[in-house]
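The values are calculated or read from the model by the stated rules, or taken from the named source; none is laboratory data. As the structure is a prediction and not an experimental result, all values here were calculated from the model. No Cβ is skipped: glycine too gets one built from the backbone with ideal geometry, and neighbour counts run over all protein chains shown. Only protein heavy atoms, including side chains, enter the accessible area calculation; ligands, DNA and RNA are left aside. Shrake-Rupley method; radii C 1.70, N 1.55, O 1.52, S 1.80 Å.
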Amino acid sequence: MTITKTCNATLAAACLLASGHTALAQDANPIQFEAELEFGIDSVFKSDVAGDELTDIYGALNVGLEFALTQRVAFFTALTFETVTDPTGSHAFEDMGLYVGEIGLAFDLGNVDVKAGKISPAFGIAWDATPGLYGAAIAEDYELAEMIGATAETTVGGGTLSLALFYADNTLFSGSMGTNRGRNTTAAGGAGNTGKLNNVALQWSKEFGKTTYTFGARHLSAGLGDAKDESGLSFGVVHALNENVEIIGEVVGFTGYGGTTDKATYATLGASFGNGPITYSGAVSYRDVTSAGSTSMVSVGLDYEFDNGITIGTGYAYANDAGSGSHALGMNLVIPIGG
């Protein structure tokens, strides 16, 4: 297994505008813009599989833009410029391409917020919230991103309920400029890659004191040539022990994983300790897929945030994939822009 750092670049730009379009409509400035520039190095320096030993020197620019068309309608987009191919060996700033992670319209319908276009449906939290440079490297397998459809979010039972109908992007927005990563087509198959709004994700989250519980479910219809539909359930918890220590845990299970006959189980446990500008973190994650066997990973991280918001992070990870071990070290520099 090649260890890869936590990199949710598809969603990173969209998350920059997580304050929501309803607040934007009230703002004196109808345009909300935020961006994030990242440089880093990610090196698998020792592995039982020689081909997995490589060093990636990378850069990424994530941009989020939201423009209020009326008091209740806003245009949004999220763009990413980064390496768009999987590395086959050590490289630096290669195969850079620009792609659209999200684009569409957001509607404030009073007690319901709706987004339509290219979206990122909510399912699970560990892929986004696990601390550390490598903390979410396994959990990001089940992140839902670059989907065509609509999401609706409202308050139910004192918590936040999100519902999405979608399919994998097969429009021109599935490609990229610069280095062309290739355009998706339904002929490629894969769960959720159906070209129809016959895929659904549901997630409910509620805070009880210092603890937040999140329940999720999804159903992805079989794509062309797939054996089965995929169904998944998730349960996540985030608990603040005090103002400095936070713990996150999540368990996710699938049947028909990826449109195959596989079953899959994921488990993640992470913790972070903040001491002034320094945050120490650690995470343990596990994946078991019927046809591929089990993978486990242990990682630790340290981040330092300056007064201007610039953050320097470092991390180490050890992964065991079906008996083959890999060690990785990484460092990144994240520079916020705008906001």
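Please state the shape class of segment 55-109: rounded when a/c is under 1.5, otherwise prolate if a/b exceeds b/c and oblate if not, all from the C-alpha gyration tensor. Don't skip to the end; give the middle numbers.
On the way: a/c = 5.18, a/b = 3.98, b/c = 1.30.
In terms of gyration-tensor shape, prolate.
Once the cut-off is 31 Å, how many percent of the Cα-Cα pairs in the chain end up in the long-distance tail? Present the calculation step by step, with values, prior to reporting the outcome.
On the way: 18735 of 57291 pairs.
Beyond 31 Å sits 33 percent of the P(r) for the chain.
Considering only T154, T88, T261, give the residue with the highest GNM mean-square fluctuation for the chain, with springs between Cα atoms whenever their separation is below 10 Å.
It is T88.
Compute the Cα gyration tensor for segment 68-161, then decide on rounded, prolate or oblate, letting a ≥ b ≥ c be the square roots of its eigenvalues: rounded whenever a/c is under 1.5, prolate when a/b is larger than b/c in the other cases, and oblate in all that remain.
Values: a/c = 3.14, a/b = 1.57, b/c = 1.99.
Oblate.
Check which residues have an amide H placed less than 5 Å from G190's amide H, if you skip close sequence neighbours.
Distant-sequence amide H within range of G190: G223, L224, D226.
Which whole-number value in Å² is the accessible area per residue of segment 58-132, probe 1.4 Å? Kindly include the intermediate steps, with their values, before the conclusion.
Numbers: 3100 Å² over 75 residues.
On a per-residue basis, segment 58-132 sits at 41 Å².
How many angstrom lie between the Cα centre of segment 51-100 and the Cα centre of segment 205-281?
24 Å
With the other protein chains left in place, how much accessible area per residue, in square angstrom, belongs to segment 263-339 at a 1.4 angstrom probe?
Values: 3810 Å² over 77 residues.
That works out to 50 Å² for each residue.
Just the number please: accessible area per residue for segment 154-200, 1.4 Å probe, all protein chains included, in Å².
Values: 2390 Å² over 47 residues.
I get 51 Å² per residue for segment 154-200.
Which value, in debye to the nearest 20, describes the size of the charge dipole of the chain about its Cα centre when Lys and Arg Cβ atoms bear +1, Asp and Glu Cβ atoms bear -1, and nothing else is charged?
Magnitude of the dipole: close to 780 debye.
Using the scaling law 2.2 N^0.38 Å as the reference, what is the normalised Cα Rg of segment 196-281? If you can, show how the numbers build up before the last one.
Working: Rg = 17.1 Å, N = 86, 2.2 N^0.38 = 12.0 Å.
Expressed relative to 2.2 N^0.38 Å, the Cα Rg reads 1.43.
Can you tell me the dipole magnitude for segment 155-227 around its Cα centre, using point charges on the Cβ only (Lys, Arg +1; Asp, Glu -1), in Debye to the nearest 20?
On the way: 6 positive and 3 negative charges, 18 e Å.
Its charge dipole is roughly 80 debye.
With every protein chain kept in the model, how would you rank Y304, Y58 by accessible area, 1.4 Å probe, largest at the top? Walk me through the numbers before you get to the answer.
Numbers: Y304 85, Y58 15 Å².
Ranking Y304, Y58 by accessible area, largest first, yields Y304, Y58.
Would you kindly derive the ³J(HN,Hα) couplings of segment 257-263 from the backbone phi angles with the Karplus curve 6.51 cos²θ - 1.76 cosθ + 1.60 (θ = phi - 60°), listing them in order in whole Hz, with x for Gly and Pro?
Karplus-based 3J(HN,Hα) across segment 257-263 equals 4, x, x, 9, 8, 6, 9 Hz.
With every protein chain present, what accessible area does V237 have (1.4 Å probe, heavy atoms only), rounded to the nearest 10 Å²?
Spelled out: V237, probe radius 1.4 Å, area about 40 Å².
For segment 137-212, place one equal point scatterer on every Cα, skip the solvent, and apply the Debye formula. What is log10 of I(q)/I(0) at q = 0.17 Å⁻¹?
-0.80
Which residues make up the longest stretch of the chain that has no trypsin sites (Lys or Arg not before Pro) in a DSSP loop with at most 15 other Cβ atoms within 10 Å?
Working: sites that count: R72, R183, K196, K210.
Counting only loop sites that pass the neighbour cut-off, the longest clear stretch is 211-339.
Out of the GluC sites (Glu not before Pro) in segment 243-339, which ones are loop residues according to DSSP with at most 15 other C-beta atoms within 10 Å?
Values: sites: E243, E246, E250, E305; in loops: E243.
Passing sites in segment 243-339 are E243.
If DNA, RNA and ligands are ignored and the probe is 1.4 Å, what is the ranking of T151, T80 by accessible area, most exposed first? All intermediate terms of the calculation are to be shown ahead of the outcome.
Numbers: T151 25, T80 0 Å².
Result of the area sort, largest leading: T151, T80.
Which of the pairs K118/K206; K118/K228; K46/K206; K115/K210; K115/K228 have their Cα atoms more than 31 Å apart in this structure?
Details: K118/K206 26 Å; K118/K228 25 Å; K46/K206 42 Å; K115/K210 29 Å; K115/K228 29 Å.
Check vs 31 Å cut-off fails for K46/K206.
Using a probe of 1.4 angstrom, how much of the accessible area of the chain is carbon and sulfur, in percent? Provide the component values of the computation, followed by the final result.
Details: 9270 of 15570 Å².
Looking at the chain in its full context, I get 60 percent from C and S.
Can you tell me how much longer the chain between N308 and K46 gets when fully stretched, taken as 0.36 nm per residue apart minus their C-alpha distance, in nm with one decimal?
On the way: separation 262, 0.36 × 262 = 94.32 nm, distance 3.57 nm.
That pair, N308 and K46, stretches by 90.8 nm at full extension.
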